[in-house]
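First the structure, in the form of structure tokens, and then the observations on it.
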Amino acid sequence: MHQFRYRQGILHCEEVSLQALVEEHGTPLYVYSAQTFRDNYQQLHTALKGLDHRIAYAVKANSNLSVLGLLAELGSGFDIVSGGELFRVIKAGGDPKLCSFAGVGKTAEEIRYALEQGIHCFNVESIAELEFINEVAEGVGATAPIAVRINPNVDAKTHRYISTGKAENKFGIDHEDAHEVYERAASLPRIQIKGVQMHIGSQLTSVNPFVEAVERVVPLVAQLKAAHDIEFFSIGGGIGIVYNDALASGQRDWWDRHDDPPLSPVTYAKKLVPLLQPLDLTILLEPGRYMAGNAGVLLTTCLYEKKGHAKTFKVVDAGMNDLIRPALYQGHHEIVPVREDEAGTRVTADVVGPICESGDFFCQDREIADFQANDIIALMSAGAYSFTMASNYNSRPMPPEILVEGAQARIARHRQSWDDLIAPEP
Ligand SMILES: *Cc1c(COP(=O)(O)O)cnc(C)c1O
């Protein structure tokens with residue numbers, strides 16, 4: 001359940017008015033709800049009780065130190081994809097022993113750093129990488145714990161840019177080659193086999209592809225367990241959230257319908273736990289979007305309305321550099337006014353940013369509230385893959401991030417200044 005609601009006609013995050021936050025911090029502005037992160041974590045944790053499991057939050061979804069800190073407090077592990085993410089986790093008070101290092105292109109420097117920090121596991125994506133990790137570990141006199149990422153070749157039925165479990169994707173090792181790769185791993189002196197991993201894609205709204213993948217990989221995991229010393233099986237992340245709805249946004253029951261993910265943790269657990277339990281292994285989960293997606297919004301101010309011959313454009317002060325999901329993979333964000341009374345009049349329009357790219361839009365030909373210059377609007381469900389993908393394109397400073405807890409709001413990241421933009425350049 002997320003914590004963004006209208007109270008006395010003003011959109012709030014928990015008990016904090018988003019209008020008041022904008023008056024203090026300006027726009028564009030990211031706002032996160034601590035309670036939503038906690039609820040999401042606890043709901044998944046509770047749904048899986050009875051299964052020996054651990055949640056490793058996928059840091060790339062939202063890597064703000066304050067967010068990582070609150071998840072570390074809950075006892076979460078972390079799924080990282082770079083040395084920089086490991087550095088963040090450690091700075092935030094996270095335990096490196098609960099970190100899994102994924103990704104197809106780990107460098108020597110990153111592998112060395114992760115070994116020094118004593119991470120839980122490297123999730124290996126190729127034989128070349130396996131041999132390279134062995135070599136780097138040898139160089140520093142360490143042994144590297146590994147799992148091999150298996151590509152189960154199932155269709156996750158999600159956008160092709162965020163589908164990762166098909167044979168043609170760059171991720172993982174073909175299911176048929178798994179035994180050979182584990183044999184190779186067992187023969188390498190600086191490699192310690194720890195587990196098996198998979199991750200089939202992101203924003204899955206049905207449990208069926210997960211079931212299909214788990215059913216396909218479980219027999220292999222059982223065989224590998226018999227042959228090698230395997231402690232865990234990681235089933236990856238991918239649980240989807242609600243981004244859009246046929247209902248016009250801003251209407252009362254929109255909020256209720258967006259409380260629950262389309263794929264609830266209960267449904268997920270009910271289908272998967274019986275398949276996983278017989279393995280008698282620790283099961284790892286790597287949710288990113290599920291934990292962070294509905295825990296954040298991006299607030300922006302309308303600058304101008306521009307009526308062209310073909311279309312009406314609402315030009316706002318946030319752009320694709322702040323939130324690239326719509327431009328990158330047709331990501332959908334509901335767009336609602338912070339003042340509820342502005343939701344009444346409707347118009348079909350494009351909401352666009354100031355960036356000099358035609359791809360710089362947040363919606364096209366969508367029926368939205370007819371907001372006008374100076375009105376503040378919220379792009380909903382912008383907690384995951386939003387700030388983490390922000391850039392300085394067009395030399396625009398990155399927006400600040402605020403973390404709300406109850407009636408408290410604190411700055412989790414300051415707005416960049418123009419000086420910050422040029423600081424690294426001699
Ligand atoms: C990105 C990623 C995740 C998280 O995916 P979500 O869809 O955000 O849950 C989990 N595991 C791996 C290996 C990833 O690359």
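What's the angle, to the nearest 10 degrees (0 to 90), between helix 178-187's Cα axis and the longest principal axis of the chain?
Between the helix axis and the principal axis of the chain, the angle is about 60 degrees.
Using DSSP to define loop residues, name the trypsin sites (Lys or Arg not before Pro) in the stretch 140-241 whose beta-carbon has at most 11 other beta-carbon atoms within 10 Å.
Numbers: sites: Arg149, Lys157, Arg160, Lys166, Lys170, Arg184, Arg190, Lys194, Arg216, Lys225; in loops: Lys157, Lys166, Lys170, Arg190.
Passing sites in the stretch 140-241 are Lys170.
Relative to the first principal axis of the alpha-carbon coordinates of the chain, what is the inclination of helix 265-276, with its axis defined by its Cα atoms, in degrees from 0 to 90 and to the nearest 10?
10 degrees
Where is the GNM fluctuation largest for the chain (alpha-carbon springs, 10 angstrom cutoff): Gln408, Gln197, Gln372?
Taking springs between Cα atoms under 10 Å, the residue moving most is Gln408.
As an exercise, use a Förster radius of 35 Å and the Cβ-Cβ distance of Arg216 and Asp365 to find the FRET efficiency, rounded to the nearest 0.05.
0.30
Can you pull out the GluC sites (Glu not before Pro) in the stretch 1-84 whose DSSP state is coil and whose Cβ has at most 16 other Cβ atoms within 10 Å? Intermediate results must be reported in sequence, preceding the final value.
On the way: sites: Glu14, Glu15, Glu23, Glu24, Glu73; in loops: Glu14, Glu15.
Passing sites in the stretch 1-84 are Glu15.
Under 5 Å between amide H atoms, partner at least 5 residues away or on a different chain: which partners does Thr158 have, H built in plane at 1.01 Å?
none
Which whole-Hz couplings ³J(HN,Hα) result when phi for each residue of the stretch 157-166 is put into the Karplus expression 6.51 cos²θ - 1.76 cosθ + 1.60, θ = phi - 60°, listed in order with x for Gly and Pro?
For the stretch 157-166, the Karplus-derived couplings read 6, 10, 4, 5, 6, 10, 9, 10, x, 9 Hz, x marking Gly and Pro.
Output the Kirkwood hydrodynamic radius of the chain, Cα pairs only, in Å rounded to one decimal.
Here the Kirkwood hydrodynamic radius works out to 22.5 Å.
Take every DSSP beta bridge with both residues inside the chain and express the antiparallel ones as a percent of the total, to the nearest 5. Mind dumping the intermediate values first?
Numbers: 35 of 71 bridges.
Of all bridge pairs located within the chain, approximately 50 percent are antiparallel.
Amide H neighbours of Phe122 under 5 Å, at least 5 residues apart or on other chains, H built in the peptide plane: list them.
Counting only residues 5 or more places away or on other chains, the set is Phe101, Ile146, Ala147.
What are the ³J(HN,Hα) values, in whole Hz, obtained from phi via the Karplus relation 6.51 cos²θ - 1.76 cosθ + 1.60 with θ = phi - 60°, for each residue of the stretch 67-74 in sequence order, with x given for Gly and Pro?
Working through the residues one at a time gives 5, 4, x, 6, 6, 4, 4, 6 Hz.
Springs between alpha-carbon atoms under 10 Å, Gaussian network over the chain: tell me which of Pro287, Pro219, Pro400 tops the mean-square fluctuations.
Pro219
Report the gain in length on full extension from Ala310 to Arg413: 0.36 nm times residue separation, minus Cα-Cα distance, nm rounded to one decimal. Kindly include the intermediate steps, with their values, before the conclusion.
Values: separation 103, 0.36 × 103 = 37.08 nm, distance 3.96 nm.
Between Ala310 and Arg413, full extension yields an extra 33.1 nm.
Please give me the summed charge of the neighbours of Leu130: other residues whose Cβ is under 14 Å from its Cβ, Lys and Arg +1, Asp and Glu -1.
-3
For the stretch 299-426, what class follows from the C-alpha gyration tensor (a ≥ b ≥ c being the square roots of its eigenvalues): rounded when a/c is under 1.5, otherwise prolate if a/b is larger than b/c, else oblate?
It comes out oblate by the Cα gyration axes.
Give me the extension gain from Glu357 to Leu51: residue separation times 0.36 nm, minus the current Cα-Cα distance, reported in nm with one decimal.
Going from the current span to full extension adds 105.3 nm.
To the nearest 10 degrees, how steeply does helix 208-227 sit against the main Cα axis of the chain, on a 0 to 90 scale?
So the inclination is approximately 20 degrees.
So, counting K/R as plus one and D/E as minus one, what does the shell of residues with Cβ under 12 Å around Arg38 add up to?
Overall, the nearby charge balance is -4.
Non-local amide H neighbours of Tyr57 (under 5 Å, H modeled in plane, Pro and chain starts lacking H): which ones?
HN-HN under 5 Å from Tyr57: Gly77, Phe78, Asp79.
Mind checking which aspartates and glutamates have their C-alpha under 19 Å from Lys306, skipping anything on the same chain fewer than 8 residues away?
Straight-line reach from Lys306, under 19 Å: Asp317, Glu342, Asp350, Glu357, Asp360, Asp365, Glu367, Asp370, Asp375.
Values quoted throughout were computed directly from the atomic coordinates according to the rules given, and no laboratory measurement underlies them. In this text, all values refer to a predicted model and were calculated from it rather than measured experimentally. Note: ideal-geometry Cβ built from the backbone for every residue, glycine included; neighbour counts use all protein chains shown.
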